[in-house]
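Structure first, commentary second.
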Amino acid sequence: MPLIKRWIEIFGAIDFISVGMLLSVVAMSSSKRIESCLKAYVINSWLLALLMAAFAVYLSIPHLYIAAFFTIAGKCVLIPYFLRKVIGELKVTREVEPYLSTPVSLIISFALVVLVYSFIAGGIFVAGAARNVLKISVSIILISLFTMMNRKKAVTQVMGLLFMENGLFLAGFSLTYGMPTIIELGVLFDMMMGVMILGVFLTQIKKSFVSVDLDKLTSLKG
Amino acid sequence: MCESDFYFFIHKEVFGTGILLLISLAFFISGAVFFTVAPKKASLHYCYVLYAAGAGLSAFSFAEALYGGGAPMAFTLQISPALSMGFRSGPLQDFFGLLLSVAAFAASVYSAGYMKNTPAPRFQGLFYGLFILSMGAVFISGDALSFLISWEAMSLVSYFLVVSDTENETSQNAGLTYATMTHIGTSFIIGAFMLAFSATGSLEFTGMAAGLAGKSMALKSAIFILAFIGFGMKAGIFPLHIWLPKAHPAAPSNVSALMSGVMIKAGIYGIMLMCLGVLGGPGAHYSTWWGVVILATGAVSSVMGVLYALMEQDLKRLLAYSSVENIGIILLGTGAAVVFYSFGQTALAGLALAAALYHTMNHAIFKSLLFLGSGSVMHGAHSKNLEEMGGLLKRMPYTGLFFLMGSVAICALPPFNGFVSEWLTFQALILGSSTPPAYTRVITLLGGAALALTGALAAAAFVKAFGVAFLGLPRSGKARQAKEAGFPMTAAMGFLAALCLLLGVAPGFLLRLISALPFEGLKEMGTAAPIHSPVIIAGGFTGFWPAAILVSMLLGLAIILALAGTLGRKRKITYADSWDCGIKALTPRMQYTATAFTKPLRVIFKTLYMPRKEVRISFKLKPLFVSGITYHSDITPFLENYLYRPFTAFVGKAAMKIRHLQSGKLPLYLGYIMLTLIGLLLAWA
Amino acid sequence: MGMSNLQFLIIILLSPLLQGIIRKMKAYAQGRIGPGVLQPYWDLARLFRKDMVISEAASWIFHATPFIVFLSTMAASLMVPVTTPDAPVLAIGDIVALLYTLALGRFFLVLAGLDAGTAFGGEGSSREATVAILVEPMMMLAIFTAAVAGGSTKLSVISKSMHILDSPAHVLAFAAFFVALIADTGRIPVDNPDTHLELTMIHEGMVLEYSGRYLALLEWAHYMKQMLLFTIAIDLFFPYGIAGGALQSALFYAAKVLVLAAAVAATESSRAKLRFFQLPSLLGGAFVLSLLSLITFVMLGR
């Protein structure tokens, strides 16, 4: 174990993994195909689980292994499986037209990262290897939020929400040395429930408005 | 598992009499659960029995805590390392907890019988339990956060209960008014707490009090104004009361009993907590004008409340307006107490405060009793319109007797409990003549004048309510076929009526409990008043002996009956028609109606009421043959017309402008969120 | 059981005599001879011997009311010093308690008016309630002035510390109290005690259905209340002489009662009964007087 710890420190593994997560978010925000968004999410979640494991080794917090396991089970397997089913039912394959084009979205994502890096001093994490994690996590949150704004199809909004949640998870780690297991499990469970409810919700929107285009929802305004 | 894994649970140990409270909580929760899962509707009344058991237990534990003066109970819900909700009860909290428990006990027993008439028994039963629990949580909250959460829960749950009659449009409208007003009130409360927090850095009330002790008077006054408006809205002080006569009658009667009996006392509790606990406290510096504001508001509320109560033909609305009046009386005492504290006259302040607290408890008891009585009347006569009642005393003897006892008590007539508290209030206000500046002397004495006027008006209002509903001849078929309410309902009312008499005859019980409260000057009140003996106040300024009034009357009765038995032979009693000038055709339509009863007052106070009347004559052949005449008369609700309507019109216009922010497009909303986030980020950095 | 504990008997036993005296004085003022001063006793005795007719519509309230009215008035008379300022019977109450005890009787009397289900009873009740609303606060305010001046709401303390109309405020307060007394005892110009004309009566309207013993109790209670109010007026505004020996204070009391009775009789004989809706201006004026008395006292002192 000490050896692995040392490696993590030398190679900056934690930063590497979190940067990977950031990249997967950027990939999602610039991709039009829903299938590739989903893939980006799976990658993002695997990286999150890996990061947890690294934290577990690095800080010797054994209960993070359990959290990592549940992350894999929930975010890498169950949620993607369920979303694929919903997407299949809804027959939505790609985002037709985001409000902003891919290059503009990329620029904005970049600007957000710069903004965050210039304003967050570096979190309260002690170990030198992970000082960037908080900045990255906040960037992930903002980029996912931006993506949600940028998309019209409700399905992509759900994807944005899922990414955002991963970002929040990451932020939680960098601030608290890992939250108690019970809370992590609780959040994970909430997430699952949320995705299921959103799935049902999407199907209902589809039924009521014949489309999952959110512009149609303006007709609900009083 | 490390300690942090228990964050969601009770963090610090429970001590004091808290364990009894937890058991009572368990009763409530099990009651609420059974309401949702009970297999048969027929068994639902057992759930109310669970509530009643819980309420009885908590009444015992609160009384024990007050009486024994033991350690206060406390527990903390740790939500996250940084965020916790503290529940701890001191004597003030125990007092209000006791008040809640007593009313909840009676209302729960009553509900076991009453629930048969409600359209959605499961829903109402569940929310009824939650309502009681949330009020309890308000009373024992130890910090601003738990207070606000409980407060909002209380408001929301009661809103659902108000609108539970989904078919009825008036109750939906009432619910809307209620929800709007209560949220405006809550925003003022939040403002007060935020000011206090920003000045002291503490969310806990004890911390706030300690932190505010040395702060500037301007800051304290700002907190006072915000808190007084916010809590006053809930209490139903005069210009802010308009939701009260709409919402309370709309709820089912067992709930209106709790709303009028207990929930508006949460406003009083808030005012006392902020004025006397957080801003005041032993040795603190009070502003005289706070007391004057409270006192003046109390005087106006009491007179206006009862003037409008007089004009009501709807029994439950009459009772609701009378709640405005009684809140006014409580505030008269509270305001006088603040005035006295500001001059350092702690003994007098103790007297005024004891009067206010006594009346708070009294009102909880007799207003619950009267609302429960109105529920029985509606259950028996299927109407809450006084004009359709009459002669109910013969058909509903127990309900009538208990309603009468409640009416006598609320009119502050001896030997019932209302008299004790009004007597104490009178003394406190008269003793206001000993304050140094002339203006407070005049104002406290004018408060006394308002109280005297209120007393006479209340007597007229309740003579009308009881006399028209229960006496005379039935005015409708529904009233003719009225039936007495069932056993648990009459038992609950009887319990409260007995309490009215007990607290009226032996005020020492309650004064002893009140003397346990942590305010200066109350101790003298308590020690001077052992149970059953005369109440003597302010170093012998005056005193009275409530038990002796009753005893002397009973002795006198015994003497009269003995004399009649020994001296005279038995006289014959003939039962015959009432005197009808020989027409021999007396009908119930010839009786005085509720409207007619108060007609002289409508004429006398016409500048206030602005009575409107309209006579419509329809002809068969104009102008000779009249086919019918309709007469319509009502009073102008001038607050609604001249204050609220212009205000809501303005808000409506402003809202139309702001509406452009609402595009209905999800991305825009997400944009708002993102802008907020980035703004926070910038603010943080 | 000294004199102080039995002084309430004076009010109970001599109140019909006071009524007789007032009637006699009125008769003189109007140039009649009038019945003897003992006539109210014979009236009561006659009523006690009669059978009763009771309305079928009436409930138990109707039966209970005469007792409650009589007993509450009796309990109230336990609270006043009559011929000695020592605390009367066990000091069970002060002036506030006294007025509210009287109000208990009034509450039931008004209810009883509604009980028979007739228009006359309702009319009497409605008017009585209206008059009470105007009278009770002004009586209370007038009493406040005396209480603040006397340093207590106990009548015994007030009567010991005052003499005769000690300050200008007392004069105003007494004027208001006198109007309240006239209204509360149902006398001209507020009510006419001698009429049974249905449309104008107030007190008689409420008791219209009563007969026999119940009526006797109610009438007696009415006399007692009248004498009680006289006594309160004396204690509050003219207590001079009450602290002397038994004989002296009794003589002083009798003299003061007779003077007040003459004032009442003179008022009744020289005024016409007011229309009901003109009452508010009379009573409202008196209310302002009592308010003024209180404010002048507080602002100026004695």
**Request:** With 21 Å as the limit, write out which pairs from A:K91/A:K153; A:K75/A:K206; A:K39/A:K153 have Cα-Cα distances beyond it, or answer none.
**Result:** A:K75/A:K206
**Complete:** Accessible-area loss of at least 40 Å² (1.4 Å probe, chain alone to full protein assembly) applies in region C:194-235 to C:R213
**Prompt:** With θ set to phi - 60° and the Karplus curve 6.51 cos²θ - 1.76 cosθ + 1.60, what are the ³J(HN,Hα) couplings of region B:341-354 in order, to the nearest whole Hz, using x for Gly and Pro?
**Reply:** 4, 5, 9, x, 8, 5, 5, 5, 4, x, 4, 4, 5, 4
**Message:** Given Cα positions, please report Rg to Rh for the protein assembly as shown, the hydrodynamic radius being the Kirkwood one.
**Reply:** 1.07
**Request:** Please work out the C-alpha center-to-center distance from region B:85-130 to region C:267-302 and express it in whole Å.
**Result:** 49 Å
**Prompt:** Measuring with a 1.4 Å probe in the full set of protein chains, what accessible area per residue, in whole Å², belongs to region C:226-302?
**Reply:** 44 Å²
**Asked** In whole Hz, what ³J(HN,Hα) sequence does region B:189-202 give by Karplus (6.51, -1.76, 1.60; θ = phi - 60°), x for Gly and Pro?
**Response** 5, 4, x, 4, 5, 5, 4, 4, 5, 5, 7, 10, x, 10
**Message:** Longer than 32 Å from Cα to Cα, which of B:K116/B:K464; A:K135/B:K215; B:K246/B:K653 are they? Say none if no pair is.
**Reply:** A:K135/B:K215
**Message:** Compute, for region C:3-300, the length of the dipole vector about the Cα centre, with Cβ point charges of +1 (Lys, Arg) and -1 (Asp, Glu) only. Units Debye, rounded to 20.
**Reply:** 640 debye
**Item:** Solvent exposure, largest accessible area first (probe 1.4 Å, DNA, RNA and ligands not counted), of B:E64, B:E169, B:E152
**Value:** B:E169, B:E64, B:E152
**Fill in**
With a 1.4 angstrom probe the carbon and sulfur portion of accessible area for region C:133-177, in percent, totals 68 percent
**Message:** Give the lysines reachable from C:K24 as a straight Cα distance under 30 Å; neighbours fewer than 8 places away on the same chain don't count.
**Reply:** C:K50, C:K225, C:K256, C:K273
**Fill in**
In the neighbourhood of C:L279 defined by beta carbon distances under 11 Å, the net charge of the other residues (Lys, Arg +1; Asp, Glu -1) is +2
**Asked** For the protein assembly as shown, what is the calculated [θ] at 222 nm in deg cm²/dmol (nearest 500), taking -39500 (n - 2.57) for each run of four or more DSSP H residues and dividing by its residue count?
**Response** -22500 deg cm²/dmol
**Prompt:** So what is the accessible area of region B:263-327 per residue, in Å², with the probe set to 1.4 Å?
**Reply:** 17 Å²
**Request:** Report, by chain and number, residues whose modeled amide H sits under 5 Å from the one on C:S55, excluding near sequence neighbours (fewer than 5 apart, same chain).
**Result:** B:A576
**Message:** Starting from the 7 Å offset along Cα-to-Cβ, what nm value, one decimal, do you get for the label separation of C:F277 and B:A222?
**Reply:** 5.4 nm
**Prompt:** Using alpha-carbon positions, what is the distance between the centroids of region B:317-337 and region C:67-141, in Å?
**Reply:** 23 Å
**Request:** Order these peptides, B:648-659, B:293-304, C:206-217, by their mean beta-carbon neighbour count within 10 angstrom, highest first.
**Result:** B:293-304, C:206-217, B:648-659
**Fill in**
So the B/C interface buries, both sides summed and with a 1.4 Å probe, an accessible area in Å² (nearest 100) of 6400 Å²
**Fill in**
Rounded to 0.05, the calculated FRET efficiency for the beta carbons of B:L639 and B:Y669 at R₀ = 41 Å is 0.65
**Message:** Suppose R0 equals 25 Å. What FRET efficiency, 1/(1 + (r/R0)^6) with r the Cβ-Cβ distance, do B:Y46 and B:A498 give to the nearest 0.05?
**Reply:** 0.50
**Complete:** Carbon/sulfur accessible area of region C:178-302, % of total, 1.4 Å probe, equals 70 percent
**Message:** Keeping all protein chains in place and using 1.4 angstrom, which order do A:Y41, A:Y65, B:Y631 fall into by accessible surface area, from largest down?
**Reply:** B:Y631, A:Y65, A:Y41
**Asked** For region B:638-684, what is the convex hull volume of its Cα atoms per residue in Å³?
**Response** 98 Å³
**Message:** Compute the orientation-averaged projected area for chain B from the convex hull of its Cα atoms and round it to one decimal in nm².
**Reply:** 39.9 nm²
**Message:** What's the total accessible area buried between chains A and B, using a 1.4 Å probe, rounded to the nearest 100 Å²?
**Reply:** 1900 Å²
**Request:** Starting from the amide H of B:S84, placed 1.01 Å from N in the peptide plane, find each other amide H under 5 Å away whose residue is 5 or more places distant or on another chain.
**Result:** B:I79
**Prompt:** If each of A:A73 and B:S198 carries a label point 7 Å out from its Cα toward its Cβ, how far apart are those two points in nm?
**Reply:** 4.8 nm
**Complete:** DSSP beta bridges in the protein assembly as shown: the antiparallel percent, rounded to 5, is 85 percent
**Fill in**
The percentage of the accessible area of region B:638-684 (probe 1.4 Å, all protein chains present) made up of carbon and sulfur atoms, to the nearest whole number, is 76 percent
**Message:** Can you give me the long-range amide H partners of B:I635? Hydrogens built in the peptide plane at 1.01 Å from N, cutoff under 5 Å, separation of 5 or more residues or another chain.
**Reply:** B:R612
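The values are calculated or read from the model by the stated rules, or taken from the named source; none is laboratory data. Note that the structure is a prediction, hence the values are computed from the model and not measured. So basically every Cβ, Gly included, is an ideal-geometry build from the backbone, and we count neighbours across all protein chains shown. To get the accessible areas, we keep the full protein, side chains included, count just its heavy atoms, and leave off ligands, DNA and RNA. Shrake-Rupley method; radii C 1.70, N 1.55, O 1.52, S 1.80 Å.
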